[in-house]
Amino acid sequence: MTVKMSARHVSAYYGDLRALDDVSIDIDTQHVTALIGPSGCGKSTLLRLLNRMNDAVPGARVEGSIELDGQDIHARDMDVVELRARVGMVFQKPNPFPKSIYDNVAYGPRIHGLARGRGELDAVVETSLRRAGLWDEVKDRLDDRGTALSGGQQQRLCIARALAVDPEVILMDEPCSALDPIATARIEELIGALRGRYAIAIVTHNMQQAARVSQRTAFFYAGRLVEYGDTSDIFTNPRATSTKDYITGRYG
Ligand SMILES: Nc1ncnc2c1ncn2[C@@H]1O[C@H](COP(=O)(O)OP(=O)(O)OP(=O)(O)O)[C@@H](O)[C@H]1O
Ligand SMILES: [Mg+2]
């Protein structure tokens, strides 16, 4: 198993508030990692640290080390724009740009100079939409606005947009919480299809979803990583009382 991203002794602060406390975790390409735990336990903070989105938050700081392919993401020579292309993010609420479907997907390849000429760009757009499971639904309406799609389609468009810059890691923060069960099932299927090609970490409040889509589960509580292991073990045989209480719905 090759580790793609590795966090070691990571603590994160917003001013005086410690949102993450000495967290060490690896994510890899072979397994989908689910991040679970009650509201406010630091799941989104961890995701945002992994592609340095927290850099923009006033008063936020981080301790410890985070590596991508063994390279320190806080190193002086790390290009943050490139990091965010390598480590893509999909949010809770689908957030397509107010542009055409085509331009939503072409945006990243354009700014990163990943395609030479229209033919190559067309190919990247098509491949990304196919991988996101959206091509058949939009291939005849690529000039329509992304915002005109259904919520589930918009979320797949956002996934296509992330895939278009050829990322290595995809971070998903509750990607289905604004979607109906059918759209949710499509995203879950998609996650299964993307596994192996991309290292995927997904935050979810839905225990059934974590059990369905992930092979590894990390349970967080009050900023600490309580346990991390095979999803089946965490769900059938949790070691910590807090994990057991959470997955059986005692709080959360
Ligand atoms: N921009 C911010 N400024 C100040 N405090 C923040 C900020 N973002 C998060 N926090 C605090 O950090 C802690 C962890 O928040 P985080 O959003 O990471 O939790 P979470 O596990 O994603 O919760 P949820 O399940 O509700 O999304 C919380 O106490 C939260 O109030
Ligand atoms: Mg969150």
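Overview of results
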| item | result |
| --- | --- |
| From ARG84, ARG48, ARG76, residue being out of contact with any Pro (no Cβ under 8 Å at 6 or more places or on another chain), closer than 28 Å to TYR228 by Cβ and more than 16 Å from ligand 2 (Cβ to nearest atom) | ARG84 |
| Meets criteria (in contact with a Gly (Cβ under 8 Å, 6 or more places away or on another chain) and more than 16 Å from ligand 2 (Cβ to nearest atom)) for LYS43 | no |
| Residue list for the stretch 178-203, restricted to those being within 16 Å of ligand 2 (Cβ to nearest atom) and either polar (S, T, N, Q) or modelled with pLDDT under 90 (or both) | ALA178 |
| Filter pass, VAL87 being among the β-branched types (Val, Ile, Thr), under 17 Å from ARG161 (Cβ atoms) and in contact with a strand residue (DSSP E or B) (Cβ under 9 Å, 6 or more places away or on another chain) | yes |
| Those residues of the stretch 195-209 which are part of a helix (DSSP H, G or I) and buried (at least 20 other Cβ atoms within 10 Å of the Cβ), in sequence order | GLN209 |
| Pairs with Cβ under 6 Å, 6+ apart, first in the stretch 72-95 and touching a residue at least 60 places away in the same chain (Cβ under 8 Å), second surrounded by 19 or more Cβ atoms within 10 Å (Cβ to Cβ) and in a strand (DSSP E or B) | VAL87/VAL169; GLY88/ILE170; MET89/LEU171; VAL90/MET172; PHE91/ASP173; GLN92/ASP173 |
| Among (1) buried (at least 21 other Cβ atoms within 10 Å of the Cβ); (2) part of a helix (DSSP H, G or I), the one test that GLU120 misses | (1) |
| Pairs where the first residue, in the stretch 111-122, is of a type in the set (Gly, Ala, Ser) and the second is surrounded by 14 or more Cβ atoms within 10 Å (Cβ to Cβ), C-beta under 6 Å, 6+ apart | ALA115/PRO109; ALA115/LEU121; ALA115/VAL124 |
| Residue check, PRO175 away from ligand 2 (no atom under 16 Å from the Cβ) and part of a loop (DSSP other than H, G, I, E, B) | no |
| Set GLN92, GLN30: member being closer than 30 Å to GLN153 by Cα, assigned to a loop (DSSP other than H, G, I, E, B), touching a strand residue (DSSP E or B) at 6+ places or on another chain (Cβ under 6 Å) and not charged (D, E, K, R) | GLN92 |
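Let's see how each residue does on (1) within 15 Å of ligand 1 (Cβ to nearest atom); (2) closer than 21 Å to SER214 by Cα:
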position: ARG18; (1), (2): yes, no
position: ASP21; (1), (2): yes, no
position: ARG52; (1), (2): yes, no
position: ARG61; (1), (2): yes, no
position: ASP72; (1), (2): no, no
position: LEU83; (1), (2): no, no
position: PHE91; (1), (2): yes, yes
position: ILE101; (1), (2): no, no
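Table: residues versus (1) within 13 Å of the chain's Cα centre (by Cα); (2) polar (S, T, N, Q); (3) surrounded by fewer than 19 Cβ atoms within 10 Å (Cβ to Cβ).
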{"position": "TRP135", "(1), (2), (3)": "no, no, yes"}
{"position": "CYS158", "(1), (2), (3)": "yes, no, no"}
{"position": "VAL169", "(1), (2), (3)": "yes, no, no"}
{"position": "ASP173", "(1), (2), (3)": "yes, no, no"}
{"position": "ALA185", "(1), (2), (3)": "no, no, yes"}
{"position": "ILE191", "(1), (2), (3)": "yes, no, no"}
{"position": "GLN215", "(1), (2), (3)": "no, yes, yes"}
{"position": "ALA218", "(1), (2), (3)": "no, no, no"}
{"position": "GLY223", "(1), (2), (3)": "no, no, no"}
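The values are calculated or read from the model by the stated rules, or taken from the named source; none is laboratory data. Model, not experiment: these values are computed from the prediction. Every residue, glycine among them, receives a Cβ derived from its backbone with ideal geometry; neighbour counts consider all protein chains shown.
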